[in-house]
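Below is one structure, written out as structure tokens, with a few remarks after it.
The values are calculated or read from the model by the stated rules, or taken from the named source; none is laboratory data. Every value quoted in this text rests on a predicted model; they were computed, and no experiment measured them. Cβ coordinates were reconstructed from backbone atoms using ideal geometry, including for glycine residues, and neighbour counts include every protein chain displayed. Protein only, heavy atoms only, side chains kept; ligands, DNA and RNA dropped before computing areas. Shrake-Rupley method; radii C 1.70, N 1.55, O 1.52, S 1.80 Å.
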Amino acid sequence: MVGHQKRKIEGAAAIHSYKCQRKTLSAPAPFAGDTSCQCKAPHEKLTIAQARLGTPVDRPVRVYADGIFDLFHAGHARALMQAKTLFPNSYLLVGVCSDDLTHEFKGFTVMNEAERYEALRHCRYVDEVIRDAPWTLTPEFLEKHKIDFVAHDDIPYSSAGSDDVYKHIKEAGMFVPTQRTEGISTSDIITRIVRDYDVYARRNLQRGYTAKELNVSFINEKKYRFQNQVDKMKEKVKNVEEKSKEFVNRVEERSHDLIQKWEEKSREFIGNFLELFGPDGAWKQMFQERSGRMLQALSPRQSPTSSPTRGRSPSRSPSPPSPWLFRKASPPSSPKAASASISSMSEGDEDEK
């Protein structure tokens, strides 16, 4: 019976601990004044070793991280991620200092306090945001929010007349260090803006901001607008050059394809030509066949030896050739003699008839 009651109490405590944490990431983290999470269990002091071994049954380890969080960036998010994952089950409270306190001890901010509060509420690692957080943590503040440990980078933070505002937290054994992200900080971002002020001023003028809003003089406004026009012309020239290069590349590719196709067609044509007109081509064979046929058609066909002779008329026999055909012709000595010989030849013909 005692064991059953103990398990029942532990289960109820676990449910209460679950309700104290954000159930989903679909909503921003609540503000400290708006949260309904008020842990009623006795707040026993924990050591870091105990917290690393496992959290108490009735509640998560409450970890606190504070800062200005101006121009919220990846360095801030990584620090909060480390604070959230210090222990197996932790509840991360983030304190954000107000504008008045920040301007007094650190300097002017880019984002106002409302913007900085909202930026923290939408970080996935944050479970609760404490507005108007104190610059130096007091025992009363730690007790009010039941804070177990404070997470911050280990570099001594000198401010408000102290060499390290977290010195008393470290002495109490409540300080857990995190690692800074090198290469990015709010001061670095502001330095970039100041260094490239002309570029950003020109950009915002182009986007519709007035010179008064940008605190730009009349002369600088005209200079920036002229530079914007020059940049537009440069961009147009650059686009024309890129399009020209693209067109030339297309022409080269097209020419290469045409040359390749022409070479293929030329090889095909030459191959077909050689097959037709080459030494052993089809045209030579066809020519030889046709030549043979023509020779056969032109040469007379020999009559067979056993063919019968044509019948001749028995009543008439061939007459012997005329003796004048075998007479050797001599040239006439005179025109009269030539005419006489012609007349005698004609008479002879008449006699044969």
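Details
- Accessible surface, the stretch 186-290, averaged per residue in Å² (probe 1.4 Å): 88 Å²
- Computed from the C-beta positions of His73 and Trp262 and an R0 of 51 Å, the FRET efficiency is 0.25 to the nearest 0.05.
- In this calculation the C-beta distance from Thr181 to Asn220 is compared with R0 = 30 Å, giving a FRET efficiency of 0.25.
- Computed lengthening from Asn89 to Thr47, 0.36 nm per intervening residue step minus Cα-Cα distance: 13.7 nm
- FRET efficiency, Ser299 to Phe277 (Cβ-Cβ, R0 25 Å, nearest 0.05): 0.30
- Point-to-point label distance, Glu246-Asp100, nm (Cα→Cβ direction, 7 Å offset): 5.9 nm
- For a paramagnetic label modelled on Val230 (point 7 Å from Cα along Cα→Cβ), amide N atoms under 20 Å away belong, within the stretch 195-219, to 195-207, 216-219.
- Between the stretch 222-267 and the stretch 151-188, the Cα center-to-center distance that results, in Å: 56 Å
- The apolar share of the surface of the stretch 111-254, taken as the fraction of accessible area on carbon and sulfur atoms (1.4 Å probe, ligands and nucleic acids excluded), comes to 52 percent.
- Amide H contacts of Thr55 (H built 1.01 Å from N, in plane; Pro and chain starts excluded): Asn89 sit under 5 Å, all sequence-distant by 5 or more or on other chains.
- Column: log10 I(q)/I(0), Debye, Cα scatterers of the stretch 186-290, q = 0.13, 0.16 Å⁻¹: -0.75, -0.86
- Sequentially through the stretch 103-117, phi angles give Karplus couplings (6.51, -1.76, 1.60; θ = phi - 60°) of 5, 6, 9, 10, x, 5, 9, 7, 9, 7, 5, 5, 5, 6, 4 Hz, Gly and Pro residues having no value and appearing as x.
- Convex hull volume per residue for the stretch 74-122, taking Cα atoms only, in Å³: 92 Å³
- Divide the volume of the convex hull around the Cα atoms of the stretch 48-172 by the residue count and you get 110 Å³ per residue.
- Ligands, DNA and RNA are left out, and with a 1.4 angstrom probe the accessible area of the stretch 48-172 is 47 Å² per residue.
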